[in-house]
Structure formats: C-alpha cells, structure tokens
Amino acid sequence: MGSLKKNGGAILSKIATNDQHGENSEYFDGWKAYDKDPFHLSRNPHGIIQMGLAENQLCLDLIKDWIKENPKASICTPEGVHQFEDIANFQDYHGLKEFRQAIAHFMGKARGGRVTFDPERIVMSGGATGANETIMFCLADPGDVFLVPSPYYAAFDRDLRWRTGVEIIPVHCSSSNNFKLTVEAVEWAYQKAQESNKKVKGLILTNPSNPLGTMLEKDTLKNLVRFVTRKNIHLVVDEIYAATVFAGVNFVSVAEVVNDLDSYEVNVDLIHIVYSLSKDMGLPGFRVGIVYSYNDSVVSCARKMSSFGLVSSQTQLMLASMLSDDRFVENFLMESSRRLGIRHGVFTLGLKKVGITCLSSDAGLFVWMDLRHLLRDRNSFESEIELWRIIVNIVKLNVSPGSSFRCTEPGWFRVCFANMDDDTLHVALQRIQDFVSKNNNKISEKASDNNDQIIQNNNAKKQKWRQSNLRLSFRRLYEDGLSSPGIMSPHSPLLRA
Amino acid sequence: MGLLSRKATCNTHGQDSSYFLGWEEYEKNPYDEIKNPNGIIQMGLAENQLSFDLIESWLDKNPDAANFQREGQSIFRELALFQDYHGLPSFKNAMADFMSENRGNRVSFDPKKLVLTAGATSANETLMFCLADPGDAFLLPTPYYPGFDRDLKWRTGVEIVPIQCTSANGFRITKSALEEAYEQAQKLNLKVKGVLITNPSNPLGTTTTRSELNHLLDFISRKNIHLISDEIYSGTVFTSPGFISVMEVLKEKKLENTDVFKRVHIVYSLSKDLGLPGFRVGVIYSNDDIVVAAATKMSSFGLISSQTQYLLSALLSDKNFTKNYLKENQIRLKNRHKKLVAGLEAAGIECLKSNAGLFCWVDMRHLLTSNTFEAEIELWKKIVYEVKLNISPGSSCHCNEPGWFRVCFANMSEETLKVALNRLKMFVDGPSSTTRSQSEHQRLKSLRKMKVSNWVFRLSFHDREPEER
C-alpha cells in the first residue's frame, strides 16, 4: 500500500494527479456550507439559499406540459414505443437528422430569426462542457494559447485546459468602462503573448457574458471578427445564454455578424459557435451541447470526436420533436424572456432599496453585484473573501465572489436569481436588506468607535474558517452540480435510492 | 503555423480504415428485404438486435419510467436539472447489481467505485487520460476492436503496442507473447503503462481463460503496470465455458488488499448486452480511489442524459426483468450463433470455436489467392461488392495472419441471415477465384486502393512531424 502511494505519481497519469481540474479550490466552502444546511421554505427556512448556481428553473413547467401533451416524443410511452428499437440502436455520430434540424431551427428562432443555421454543421457534444473541450482539441495543440476576456466562467480553466494542454491568458476587463470588452484590450493581450513567444491560436468568449450578463454590441463583435481575421486566429463564441435575454432586447450573434460583413473582412474558417440547451431551456441534465463551425474540417473533426460525448438518442428524439413545434418554441422563448426580465427587475429593485447596485445587464441568469462599498479594504481580495464568508455563513446566501471568475477588482459578486421560486427570492432579498441595514448601523457606530473592533470580529471569523485549512488563492470555483461532491439536496426524491 | 490542431489534421482517428470503408459502401446500398433485396447486407456491425421485444414489453408495464414519474409523483424538474457527475444514485446501484448478476453474483461491485461515462468509447479514452501520459504505451492482444485506435490513442497521445496472438493456439494470450510485446515497446522507447484486454473478446467471440487471466495478473504484478478489462460483452456469453471476470480471479486469489488490486480496472456498457448503443451508457469500475476521483471529474465531458439514467435505473432495478432478460438473450444468441456456424460449414467455411459475442471469427484462409494481406483485401472487396456482404477483414482488427474475417450475426433478422448465408454459399460453390479471368481481376483492383500493410502495424507517431518522433 505504501509503495503504491509513493509510486502514485508514476503509476497514474500527470493529468489524473495534478489539480488542473481546479476543483480543490476553497470556494467549495460555499457549496459545502449549502449542502450541510440547504434552505427550504417550510422545512428549513433558516438554511442557506443557493445563489451560486446559474440554472434556469423558471420555465420547466412549460416543458413538462409539452411532454405530457406529446407522448409520441417519448420512446417509452405506448404512443411512442414503436420507435424504441430504432432509437435505442441509433449511435451514428451525425446525430438524428430531425434532431439537427430542430436544433438549427431553434437556434435561429432564439436569435429572432435574424440568422439561420445549417443542420449539416450541427455537431453534438457532452454539454457545452464537452463542446468547449472538443473545440480546443480541434483548434489547438498542447502549449498553444487561447485568450479569454475576464471575468470568465470559472470552469473554463478545466474545460479548455485540463486534458488539452492548452493555455489560457485572460484579457482583463474593468469596471472603469463597465467591464466592456474592447478590441484594443484584445490586441494588447495578443501582443503581450506574442512577445513572450506564445502561440496564440484564438480568442474565446461567452456572449452573453457569464458572469456579467452583458452582451457585446454589434460593432464590437464586428471589430473582433475583423481582428481575428487579420491575425488569422480563431474566434470561438460560447452563446450558451443566447435566449436568456430579457424581453425587448436583441441578442446579436456572431452568426449575424458573419452574414453582415463582406467576405474580405471575415475568414469564416475561423469562426465557431458553442451552444447548449442547459441555460436557455433549463435542461442541464439532458447534456445537449453543440459545436457549430463555419470551417468544414472542424465540423468533420469535431464530429468524429463527438463519439466521446454523443447526446442520448432518447433525448435527441424528444428534443427533435419539441423544438420543431413552432408554437411551443415561440411561446417558450417569449415567456422565458418575460419571466427572466421580471425576476431580474424584482431582484435589482430590491437591491437598489438598500443601496446595492449591479452592473447594468440585459441577459443571463445572474447579476454582477457591486459590493465594493462593503469591503473593509477596497483593494484587497482578502476582504472580498472575508465579506464572502460573511454572506455565506451569516447572511446565509451562497454567492460567488468575483475572484473566482478572475476578476481583477475586489468587491464584485455573481448572484444567481433564476434557480429558485418567487418566495425564496423574497427571503433572499429580505436577508440582504437586513444585513445591509445592520451593517449601515454598525458603520455609523464605528465612525465614533475604534475600527479595531471590526477587525477583531473579522479576524475571529477568519480563524473559524481557516480551520478548514484553506489558504487564499485564486483558484477557480465551478458552478452547477458538476463541481460539488453531493450537490443533491437531501430532500430530493432522486436521492431515495 | 497550422490553422487547426495536429489532432484535427492527422488520421489517428483511424477512420480511413477498411472497417469504416465497408460501412460506407453499405450506406450507399443497404439491403432491405422488400425495397432493396440486392443490397449489401450489414454484417460488420456488432449490434444486438435480438431482444428489444423484452424491453418493449417491460416499458408497457412500467409507465412511470416513461413519464418522468416516481410513484405517481412527477420528477421531471429534478431530472431536467440533474447534472451531478456522481450520477443518479439509484442508477449506479442498479448498474452495480446488474454487473454482479452478469457474473453469477460471484463478485459484487461497489457503486462508489463506479464512474458513469458516455459509452464505453468514452470510458476507454478516460482511462487512458487517467493512467497514461502522451507517448506512453498500452499493450493490446491482436486481433482487437478497430475503434481502439481512435478511443485509446487519438486525443490522448497514447500508443498501442500489439501482443501478437495467432491461430496456432486459438489466438490465446501466451506468456511469451506478453514478454515480446513488452520488449518491443522498450525497443521503441515507449513506457508501458498497462495491458488492455476485451473479455469476452472482440473480434474473436471467446472468453478469456482462467489461465490467461492468471498470466496477465502475474505479468502486471511483475511489471508494476495496469490491467484494463473491457467487459462490454460480458452478458453475451451463451455457452460454456462460462465467463470469468478478472475481478473473480482477484477475489479467488485473495488479492483484494494488494497493490495489484488497485491497478485492475473494468470497463462496461449497455450497448451490447442490452442492445442500447444509442443511449450512450458506459461505466468505469476501479479499485483505485484516485482513478475514480479523476475519472468522475472527467466524466463531465460526457455525462449520461438524466432521462436515460432514470429510465435505466427503473429497468435494471427490476430483478425479474434482468434475470429473465439475461437468460432469454443468451438463448437467442446461442441459436443465432448456431445458425451462422452451420451456414458457414455448409459453405465449407470454419470459424474459431466461440462462446460469446455478437459475431464469429471466420477462417477464409483457404479462399485467399495467396497468403498475403493484399489477397485478404481482394477477397474482402469481392465479398462486399459481389457477394454483397459487409464483413470486417482481419487486417482492420490488426490480425497478423491474413484470411480471417469478423462476421456479425445478431444485427439482422433470421431471414436476412439466411439470405446472407445463401449468397456466401453460392459464391464459394461458384467458379473459384483462381480461375477468374484477368479482366475480372483488373476490375476489382481498380475499385479503391488501400495500403493495408501500412495499417496493420502503424503507430500513431508515424503521423507526427519527423522532429517530434
């Protein structure tokens, strides 16, 4: 046994024994705390409310109803079982034709019909997680670099780098211009990388942004496309949040830009889209990821690689049917936008009441909350973490600190609002409001007192949390059930095995 | 600088091989009893289509599973949101039990050591990522499943070094063959990380003997390397000798608390036993906690759809169903196998004696014009284009003796099998290939050129730039 442990590194691969998957980060304290004490409106009203999970739970009722009304879409119902054999047998990595057509159709509708997608370019993958890894395998060799605007989705560190050996270099965005991505910033990062002799293969960005919830303006997107074309590097746009845009606003997909630009301005072989149904439709459990590329070789390669993460044929059939139902899709998209908009409105209004502002956003399942004014020290990530621990353990909300998204300025937090019902949201708001008022009182008291008291309190808290032996580091937090050992709520019927 | 990655532009995915080209020909002209009776009959697809009716009748009696319900309560929402890479607990429990049942309950499996993956394809690749670094090697007995070239090597950078098995002893894995393979790897400066066997074997259809398993355990123990046993066909064993899993041997030899125990890993799937390749259900089972932990995280790149996990957890937890299914499935496979063997015999063709799998390893050496792989491909082309049967030439499985073919029997109706066997008999009884006219030879030669000899022993590093070798 002992010798095996010593040899552990040599016996297993480097990938299996390094921590490049990023899951050893201390941000899991938030999840662990939630797991130990999960909020439930009636059964555990003082528990921790999960606001670190970017899930869209607002429209599952619409989908559930559709499934009930369309038994033929299932291979298990009496109405649909005649398809069982063919579907159960179907493992062609091209995917069901009807599935690809339905996805292409849905993607077009989610972009207001302003673009159409070619079903022949639709390639399946194991969720967007699989899609992002696959596109890296297709475009880059180990050691190559991809630029990523920060703050960015924490799991990119794993998805883009872990098994691929690709390096990612952040393009930092700051609050000085509302975290807008500029071509100048990208150029600068590109230059710096070149100077350090790094081979930059492309730029990958999430649009709408996670964690910001903002969308790129058409002109910026155009200029980015022109930039990558000039430099002959790839542009991957993860449009996983495309349909989480609130009512009344238009999302500009890179597909639209590709159509608009003249052929000399855009080399389409460099443009790739990643998509998924996990956010727009709230179906992360079904593992529907899509790689869409304008480059034929990439489509071909990604398709072969999709063998490692095909969408279950049972799921393909169901979604092929659902997403070709125009009436359902149109209603769903409209209703989803509406509900998200309302939810976002209620939440941000409630925050404003206690002087908390969020970055102005039009999409996403979260807000990018500005709590810089509550930091002990506006320039320290340590105080961001302190504040975070207070929010998790005292205010009892699991939110995600900006540092976990590689934000370069302390004090920002991503707070999800679409993964709970209205009542829970109100409890969460109430808690925030109470906390802020108490804090304000404390601040006014302190104005006359010595600051040491606060620091002492903070230190005491620090000590308590340091018991979990965690040093401050900027390693990444992963969202969704993927990241936590046992994310399942103990109250879920699914756990009754 | 190349626009795409090396992986995208090389052909280590192996899809230019004859294994896949035969499929392409089939796709262009697929047999249909009524609509295309002169089309090509697919016998290159190791699918199990014999027992769907059993599953369909179960579905009929179990509407809850179909309707996202448990005990009448809707769990649609929970399933839609469930993406925990630890998998649905009820599914893993059911899977562990099913695997145990498949081994006559002689061993038990701990659901905590199970990792769910998107098919065995993903399970095998994931194990490579966990056990080997780019440039390391795994030893595989030949002939082996052509898909391994992609699954084990392509994105992982791992090399495969063959353990040569021959017809002289029924393609059994011998001690000397293992040692020779290991030495060959050393000569090529490759660090051997383990051995991978498929038990029951694809393409041979035979179960690994206790003696072979003992050799293997002894070998990996001495060399301090891993053993992966891909037991994807474990439920297709239809006659004696029975199936012996390497886990059983470990238990019998009381090796559960040793180092070796942690270096044995099993791959499983529902694609062959239950005939559900579309559902993408694969499993890694490992006694090494680090491997389980790493593989679990990696499964993020290919989780099983929650609706599929739920359906199958209900199906596999029904012990009446599983018991009956395994038994009935085996009976049907045995019958089908018998028919194929008899039909081949009638055409004067023998196969390797087998007790499992969805195919036979057929000996057509006597039909070759010469004992070469060129002759094998010539014969294969005739069979595909003239006899109109898509079967898999042994060279695509890296067999080192020309003349062997894998012929599947469980992916078609009985009538279709009869048609196929008739065609074969007519071909064999007809004018022998040695008396064919020159023009015939010419015509066949011009149909697709393939460099088979390159294919048999090529290592992927030949595809890389010279300076990287």
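Observations on the structure shown:
- DSSP loop chymotrypsin sites (Phe, Trp or Tyr not before Pro) with at most 12 other Cβ within 10 Å excluded, longest remaining stretch of chain A: A:1-263
- Distances between every pair of Cα atoms in chain A, grouped in 10 Å steps from 0 to the bin holding the largest one, split as 4, 18, 29, 27, 16, 6, 1, 0 percent.
- FRET efficiency for the B:N36 to A:S324 pair, using the beta carbon distance and R₀ = 25 Å, is estimated at 0.30.
- Whole-angstrom gap from the stretch A:136-169 to the stretch A:209-246, using each part's C-alpha centre: 17
- Mean-position separation - Cα centroids, the stretch B:12-91 and the stretch B:215-244, in angstrom: 27
- Ranked list, fewest to most other Cβ atoms within 10 Å of each Cβ, for B:L54, A:L139: B:L54, A:L139
- Loop-resident trypsin sites (Lys or Arg not before Pro) (DSSP state other than H, G, I, E or B) in the stretch B:35-83 with no more than 11 further Cβ atoms inside 10 Å of their Cβ: B:K35.
- Report summary: the helix-based calculation at 222 nm, which adds -39500 (n - 2.57) for every DSSP H run with n ≥ 4 and divides by the residues of the protein assembly as shown, gives -12500 deg cm²/dmol.
- Shape class of the stretch B:1-138 from the alpha-carbon gyration tensor: oblate, with a/c at 1.5 or above and b/c at least as large as a/b.
- Efficiency of FRET from Cβ geometry, A:N259 and B:D60, R₀ 35 Å, rounded to 0.05: 0.10
- Structure note, pairs A:K192/B:K297; A:K68/B:K297; A:K97/A:K231; B:K7/B:K191: Cα-Cα distances above 27 angstrom occur for A:K192/B:K297; A:K68/B:K297; A:K97/A:K231.
- nm² value of the averaged projected area, convex hull over the Cα atoms of the protein assembly as shown: 40.1
- Potential lengthening between A:D61 and A:E217 on full extension [0.36 nm per residue; Cα-Cα distance subtracted]: 52.9 nm
- Order of A:V291, B:V158, A:V329 - criterion: other Cβ atoms within 10 Å of each residue's Cβ, fewest first: A:V329, B:V158, A:V291
- Sites A:N177 and B:M426 - FRET efficiency at Förster radius 56 Å, r taken between beta-carbons, to 0.05: 0.10
- Options B:C130, B:N102, B:I232, ranked by Cα towards positive dipole end of the stretch B:67-322, top entry (Cβ charges): B:C130
- For the stretch B:272-289 and the stretch B:301-325, distance of Cα centres in Å: 11
- Shielding by partners - mean other protein chain Cβ count within 10 Å, residues of A:126-137: 4
- Gyration tensor (alpha-carbon) shape descriptor, chain B, a/c threshold 1.5: oblate
- 27 Å Cα-Cα reach of A:K396 towards lysines, excluding residues that sit fewer than 8 places from it in its own chain: A:K32, A:K36, A:K279, A:K352, A:K353, A:K438, A:K442, A:K446, A:K461, A:K462, A:K464
- Taking every alpha-carbon pair under 8 Å whose residues sit at least 6 apart, chain B reaches a relative contact order of 23 percent.
- Each Lys or Arg adds one and each Asp or Glu subtracts one; over the other residues with Cβ under 14 Å from the Cβ of A:H46, this totals +2.
- Within chain B, B:C10, B:C130, B:C165, B:C397, B:C399, B:C408 have no other Cys Cβ under 4.7 Å of their Cβ and so lack a disulfide-compatible partner by this rule.
- For the protein assembly as shown, share of DSSP beta bridges that run antiparallel, in % to the nearest 5: 50
- Net charge of neighbours whose Cβ lies under 11 Å from the Cβ of A:L375, counting Lys and Arg as +1 and Asp and Glu as -1: -3
- For the residues of A:169-180, the average number of beta carbons from a partner chain within 10 Å of their own beta carbon is 0.
- Size of charge dipole - the protein assembly as shown - debye, nearest 20, with Cβ of Lys, Arg +1 and Asp, Glu -1, no other charges: 1560
- Exercise: per-residue mean of other protein chain Cβ atoms within 10 Å, A:15-23: 4
- In percent, rounded to a whole number, the relative contact order of the stretch B:67-322 is 27, using alpha-carbon pairs under 8 Å and six or more apart.
- The value of relative contact order for chain A, using C-alpha pairs under 8 Å at least six residues apart, is 24 percent.
- Rounded to whole Hz, the Karplus (6.51, -1.76, 1.60) HN-Hα couplings of the stretch A:205-219, x for glycine and proline: 9, 9, 9, x, 7, 10, x, 6, x, 9, 10, 6, 6, 4, 5
- Projecting the Cα atoms of B:V260, A:I385, A:G341 onto the charge dipole of the protein assembly as shown, computed from C-beta unit charges around the Cα centre, puts B:V260 farthest toward the positive end.
- Loop-located GluC sites (Glu not before Pro) in the stretch B:46-152 (DSSP state other than H, G, I, E, B) with a sparse environment of at most 16 neighbouring Cβ atoms within 10 Å: B:E71.
Readers should treat all values here as calculations from the given coordinates under stated rules, not as data from a laboratory. These figures come from a predicted structure and were not determined experimentally. Heads up, the Cβs are rebuilt from the backbone with ideal geometry, glycines too, and the neighbour counts pull from every protein chain shown.
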